[in-house]
Amino acid sequence: MQTIIIGIAGTAKNTGKTTTTSSIMSEVKDNKKLSLGLTSIGYDGEDIDNVTGLPKPRIEVWPGVLVAVAEKCLKVSTAEVEVLEVTKFATPLGKVILGKVTKGGRLVVAGPNKSSELRQVLNKLRHHNLNLIIVDGALNRIAPMVEVDGLILTTGAARKSKISELAFETHCLVEVFNYPVLNIEHDTFRFNSILSSDAVDELLRQLETAGTVYINGVIGEKSLMYLLEKAEKLSGKKLIFPDPIKLMVIGDINKIHNIFAQLKHKGIEIGVRKPIKIIALTINPYYPKYRFNSDDYEVSYVDKEKLYEAIAGKVSVNVYNVVEEGGKMLFNDILNYKNNT
Amino acid sequence: MERKVLLAPLDPVHDIGLKMIKRGLEESGLETRLLPPDTPPEEIIRIALDEKFNTLLLSRTLGYGVAELLARFVDLADAAGLRENVKIGIGGMAIRPELAAELGFDAGFGPGTTVEEAVAFVEGREYNPEETIIKKEKTDFTAPYKYTYGNQTMGNLLDKVSQQIISWVGNKTSPGVERAKLREELWDYQSFLKMQENQEFLKKYPELCDQVPKDYYLQGKIHPKTRELTKEELENYQSFITEIKERMKVKKLQHRRKAPVIWNQYGTGCPFMDIGHIKVSESWGADGVVHFDPSWGARTEGFLGGDLTHQEDGTVITPNNLARIYQSLEKSTLWQVRAHRGLNTPETVVLAGKIGADFTKINVCYGSLAAGTDPARLTVDGFYAIKYAAQYKMPFDIVTNEELTGVPAYKAFAGMLIMADLAIKLGARPILQPLFAYSPEMMIGGQMEDNYIDFNAAKIYALRSIIDAPIWPGAPIGFLTQTEDRVQSSMSTSLHALLATALGVDAISIASADEAYSGGPISVPSKIDTLRGVEESFRFLGNAGIKPTAKAEQWQKEIIDGIEGVLKQVAAKGDFVQSLYDGLLGTREEGAYPGRAGRNTVEEI
Amino acid sequence: MAKLMEKVMDALDVETFIVCDSEDEGKGIALEMMKNLGFDDADLVFIEFIGPGARIRARAYLHRSGDKYGWLFSSREGGK
């Protein structure tokens, strides 16, 4: 059986990641034929129980769902889980366990928090013949999502309350994910991460001679700026990264997108070895508005129609407001994506 | 495998925490490198990769936008492939494991992180907080001492007095000695726990008792000041103590030095309240607890039985009460049951020894001069009590509280040394217990007008020059310097602890911050006050010292001369008991009155 | 005794400063205050009157030895 693995990542707190996850989950629950696996690359710490100091469970699971979560999650969950395996992967909340939900309820989902471990945990889950595995995201982090087949990104006014700015940033983000897939040839020069100006100088030398360079890692933000400053004759050269997420983690996405645009303008082709597709975007007009006088926040919303139009007009993927529309269409996109892969 | 640790403060300035961890890691034999504050993330990652570090420890104070910054660092490290082989930990104020998990770190170290915790993380061992709970073990602090005399003149005089006592006791006995014998021969702790008490014991024992215990055994009547704990209370106690024991952690107050051992007294009257107090004392760092019994217990021939609670000071000694208290103690807690002063002295030693006490307390001189027991009776009883203490391997302290009535220190010390010498001859391990007190002698003589240091130091110097024996000032230290003011009394206790530590004594007993208040029982928070104070005084002193003035040496000499003078008189008299009656070890003018309890109860076998 | 107070192991001390003319007045106020707070078994552990008033440490015993201790029972009743 082919298993599809989707990741759900939020661009900021309060952009509706949990709502998005829950709406997809409830569609899966209604679709009796689908078997589900669930894990996460961390958890959103916004909902800490004051007594236990542990996160409050927010995701509803039902009997039969397979989960990969840290041991301590089980203590604070209302769902009951039969532990099938205790893995060797340690997190600050205990070792990651593989388990089967035996009684429905709410579950804290905090799983392996790094790529290498997520990969191994996903391999373990795959052995259980699942149709779908959801990897829930963590606040401000995305690196381990390289292990998923497709991503659903959540964004909204909580990220940037000025619609035009948010739309532009979202556009940059989706663009980075749309970089072409480039093949590594036998004469492609390989680098590990580029994290110093010396490494950039060496990169430029190799680009000159080899023509195509594969960076099996990341390029640091300072190094990237140095590269832009030094790069001159790049016409016909190719720079390949492992995947789009390696570009996302460099720094501020607008800035990164801009630097790459300038590099491309100098003639170099930039691409990725492995594509990660954004299946869809979900948007949320909610944002906590800071009140200066009382030093607190009030609930605010941007105009949801304007928000939708601005974002949808800037990106090449479907955009949903799951609070308004529910998760049906989003879920259909996942199913279609699955059929296409 | 060699492990290398890279430490990097992500903070613009702060790296104190990392420096402390670095020192600890190096002491554990790990190779470390600390980067300067504010090294850019990509630089940190590059160094970690290039120089093949196994662990990266970051520190950062939380603040606005810091969570994002840390999560980004983790993302960059992950994408750079650093996390395949390198573990990343984050430390700083407000870092909790949950936050570390949220941010994607392998571990989080908040305030109070121990070096052991960091080392365990670096070495890839599972960090088990249980392991790092301070391991406390009972120590017999008398073990290093040889009990040899530095002052041979004194040793010879003491030998003479002890020999006289031994031959005087000869074939004498008393009801107290007989009860102890009965307890020793016919009473077994394990059988008691199984509620299978020896019938012969129960038959013979009441005959050796006063009316009150007799009524208890023969008619089931209990002492008017006591009540029996109800079945409901006993049942609830079980679940109470089980729950508390599960979450107990003991603390250590000593900083760099191992000594002194800290003792706390309990004796609220009720075994349950006592246990409440004991669990608090243990949690806040007391190393040992002393059982304090009511004063009428010392004047009554025989022990009561049953689970008795008592509304006044001192907790009634019954096998049930002692056993329950013993069972509530943490493994590392030293337990002393005082036997020293009354009509049940030898039997207390036997009972406490059978149940599991580590220490006892015996002093014939104090007991007969200031605690109301007849000198002849207590000499016989004390002699056997010491023999039982040797048999049950319980070292005992020789308290010199007669000083509080006005007996000069040198006289009290002479009596203490007689007891110590006798104990050594009987195979026991005595501990000298001089008072650290603002005693009447000091108030009148003015030796403490300038400071509390010189005279207390003189006492220790004097005793040290005479004999190689353990010293345990008490009880409690700072007696009569403390007022009802909790800051003043905590401070005074702490400063006396500081002095005791500087003088290198083996143990101290400390008061609570409401010891001077006579309107009601000692309260638990007041016990914590002084334990915290003493902890701070240890931290303050470390291995540094306190320098007494020249007076200390002068008074040391005077004390030694005084002791020698008294011992010469007692030796010349050739009758220790008569010396007690005659005031050689403390006169009536000095407040020492030979006691009457148990008079004419000594018999020849 | 209020349910919460049953959790106090033995005594509850109130430490404060009372503005008064004399030690006697301070003492009276302190004890009256404890009474008003609902503590019948109250006493003054310490009082020190100087200048503007008195530093006091008043004490109420919620459990004296030999009483039936609320905390001994409440660990069960409260449940975990």
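The values are calculated or read from the model by the stated rules, or taken from the named source; none is laboratory data. Keep in mind the model is a prediction, meaning the values are calculated, not measured. FYI the Cβ positions are ideal-geometry reconstructions off the backbone, even for glycines, and counts take in every protein chain you see. Quick note on the areas: whole protein, heavy atoms, side chains included, nothing else; ligands and nucleic acids left out. Shrake-Rupley method; radii C 1.70, N 1.55, O 1.52, S 1.80 Å.
Kirkwood hydrodynamic radius computed over chain A comes to 21.3 Å, based on all pairs of distinct alpha carbons.
Scanning residues 5 or more positions from residue A:238 or on other chains, those with amide H under 5 Å from its amide H are A:212, A:213, A:269, with H placed 1.01 Å from N in the peptide plane. Compared with the dominant principal axis of the Cα atoms in chain A, helix A:197-210 is inclined by about 70°. Think of each Lys and Arg Cβ as +1 and each Asp and Glu Cβ as -1; about the Cα centre, that makes the dipole of segment C:4-77 roughly 340 debye. By how many degrees, between 0 and 90 and to the nearest 10, does the Cα long axis of helix B:152-169 differ from the longest principal axis of chain B? Approximately 60 degrees, to the nearest ten.
List the GluC sites (Glu not before Pro) in segment B:1-100 that DSSP assigns to loop (not H, G, I, E or B) and whose Cβ has at most 13 other Cβ atoms within 10 Å. Which are they?
On the way: sites: B:2, B:26, B:27, B:31, B:42, B:43, B:51, B:68, B:84, B:98; in loops: B:2, B:51.
Sites meeting the loop and neighbour criteria: B:2, B:51.
Using only Cα atoms, figure out Rg for chain B and give it as a multiple of 2.2 N^0.38 Å. Can you show the working numbers first?
Working: Rg = 29.0 Å, N = 605, 2.2 N^0.38 = 25.1 Å.
Against the compact-globule rule of thumb, the ratio is 1.16.
Scanning residues 5 or more positions from residue A:38 or on other chains, those with amide H under 5 Å from its amide H are A:66, A:67, A:68, A:134, with H placed 1.01 Å from N in the peptide plane. Dipole orientation for segment C:4-77: of the candidates C:34, C:69, C:20, C:69 has the Cα lying most toward the positive pole (charges on Cβ; Lys, Arg +1; Asp, Glu -1). Taken one residue at a time, the phi angles of segment B:524-533 give Karplus couplings (6.51, -1.76, 1.60, θ = phi - 60°) of 4, x, 5, 5, 4, 3, 6, 4, 5, x Hz. Gly and Pro are set to x.
Using only the Cα atoms, what convex hull volume per residue in Å³ does segment B:114-232 have? Write down the numbers at each step before the final one.
Working: hull volume 37.2 nm³, N = 119.
Considering the Cα atoms of segment B:114-232, their hull volume per residue is 313 Å³.
Can you give the mean number of other chain Cβ atoms that lie within 10 Å of the Cβ atoms in peptide A:134-147?
Working: counts 0, 0, 0, 0, 7, 6, 11, 11, 5, 11, 6, 1, 2, 0.
Across A:134-147, the average partner-chain Cβ count within 10 Å equals 4.
Please report the carbon-and-sulfur percent of the accessible area for segment A:189-272; probe 1.4 Å, protein heavy atoms only, DNA, RNA and ligands left out. Here it works out to 45 percent. Taking amide H as placed 1.01 Å from N in the peptide plane, residue B:300 has its amide H under 5 Å from the amide H of B:343, each at least 5 places away in sequence or on another chain. Can you list the lysines whose alpha carbon is less than 21 Å from that of residue B:252, not counting same-chain residues fewer than 8 positions off? Excluding near neighbours in sequence, the set is B:135, B:136, B:138, B:279, B:331, B:527.
Against the empirical curve 2.2 N^0.38 Å, the C-alpha radius of gyration of segment B:4-132 lands at a ratio of 0.95. Within chain B, antiparallel bridges make up roughly 10 percent of the DSSP beta bridges whose residues both belong there.
Can you tell me the orientation of helix B:551-573 relative to chain B, as the angle in degrees between its alpha-carbon axis and the longest Cα principal axis, to the nearest 10? Result, in degrees: 30.
When chains A and B come together, the accessible area they lose, probed at 1.4 Å and totalled over both chains, is close to 2600 Å². Between A:137, A:236, A:111, the residue with the greatest mean-square fluctuation in the GNM of chain A (Cα pairs under 10 Å linked by springs) is A:236.
How shielded is A:243-249 by partner chains, expressed as the average number of their Cβ atoms within 10 Å of its Cβ atoms?
Details: counts 1, 0, 3, 6, 1, 2, 9.
Per-residue shielding by partner chains comes out at 3.
Summing charges over all other residues whose Cβ lies under 15 Å from the Cβ of residue B:173, with Lys and Arg as +1 and Asp and Glu as -1, gives -3. Measuring only protein heavy atoms, the 1.4 Å probe finds residue A:164 accessible over about 80 Å².
Residue order by solvent-accessible surface for C:7, A:103 is C:7, A:103, largest first, with ligands and nucleic acids left out and a 1.4 Å probe. The relative contact order of segment C:4-77 comes to 42 percent, based on Cα pairs under 8 Å that sit 6 or more residues apart.
Charges at C-beta only: +1 for Lys and Arg, -1 for Asp and Glu. How large is the resulting dipole of segment A:74-213 about its Cα centre, in Debye rounded to 20?
On the way: 16 positive and 16 negative charges, 192 e Å.
Dipole of segment A:74-213, to the nearest 20 debye: 920 debye.
For segment B:4-132, the relative contact order works out to 24 percent when only alpha carbon pairs closer than 8 Å and six or more residues apart are counted.
Entry note, the protein assembly as shown: the mean residue ellipticity at 222 nm calculated from DSSP H runs of n ≥ 4, each adding -39500 (n - 2.57), is -12500 deg cm²/dmol after division by the residues and rounding to the nearest 500. Using C-alpha pairs under 8 Å with a sequence gap of at least 6, the mean separation divided by the residue count of chain B gives a relative contact order of 14 percent. Rolling a 1.4 angstrom probe over the protein heavy atoms with all chains in place gives segment B:351-455 an accessible area of 23 Å² per residue.
Shape index of segment B:167-280: Rg/Rh, with Rg the Cα radius of gyration and Rh the Kirkwood radius from the inverse mean 1/r over Cα pairs, equals 1.08.
Hull volume per residue, based on the alpha-carbon atoms of segment A:189-272 and their convex hull, is 72 Å³. For the protein assembly as shown, the alpha-carbon radius of gyration amounts to 1.25 times the rule-of-thumb value 2.2 N^0.38 Å expected for a compact globular protein. Remark: for residue pairs A:29/A:75; A:124/A:304; A:88/B:249; B:203/B:425, the C-alpha separation exceeds 31 Å in A:124/A:304; B:203/B:425.
Would you tell me the mean number of C-beta atoms belonging to other protein chains that fall within 10 Å of each C-beta in C:39-48, as a whole number?
Working: counts 0, 0, 1, 1, 3, 3, 12, 11, 2, 4.
Taking the mean over all residues of the peptide, I get 4.
Could you sort B:315-325, C:20-30, B:343-353 so that the peptide with the highest average Cβ count within 10 Å comes first and the rest follow in order? Display every interim value, and only then the final one.
Numbers: B:315-325: 22.9, C:20-30: 16.0, B:343-353: 29.2.
My ranking of the peptides, most packed first, is B:343-353, B:315-325, C:20-30.
Candidate cross-link partners of residue B:411 among the lysines, defined by an alpha-carbon separation under 18 Å and a same-chain spacing of 8 or more, comprise B:160, B:459, B:557, B:568, B:573. Between beta-carbons, use under 12 Å as the cut-off and find the net charge around residue B:473, counting Lys and Arg +1, Asp and Glu -1. Overall, the nearby charge balance is -2.
Count the DSSP beta bridges whose two residues both fall in segment A:189-272, then state the antiparallel fraction as a percent rounded to the nearest 5.
Working: 0 of 11 bridges.
Of the beta bridges lying entirely in segment A:189-272, close to 0 percent run antiparallel.
For the set B:518, A:193, solvent exposure ranked by accessible area (probe 1.4 Å, protein chains only) runs largest to smallest as B:518, A:193. Here the dipole of the protein assembly as shown is about 2620 debye; that uses its Cα centre as origin and unit charges on the Cβ of Lys and Arg (positive) and Asp and Glu (negative). For segment C:4-77, what percent of Cα pairs sit more than 13 Å apart? For segment C:4-77, the fraction of Cα-Cα distances above 13 Å is 65 percent.
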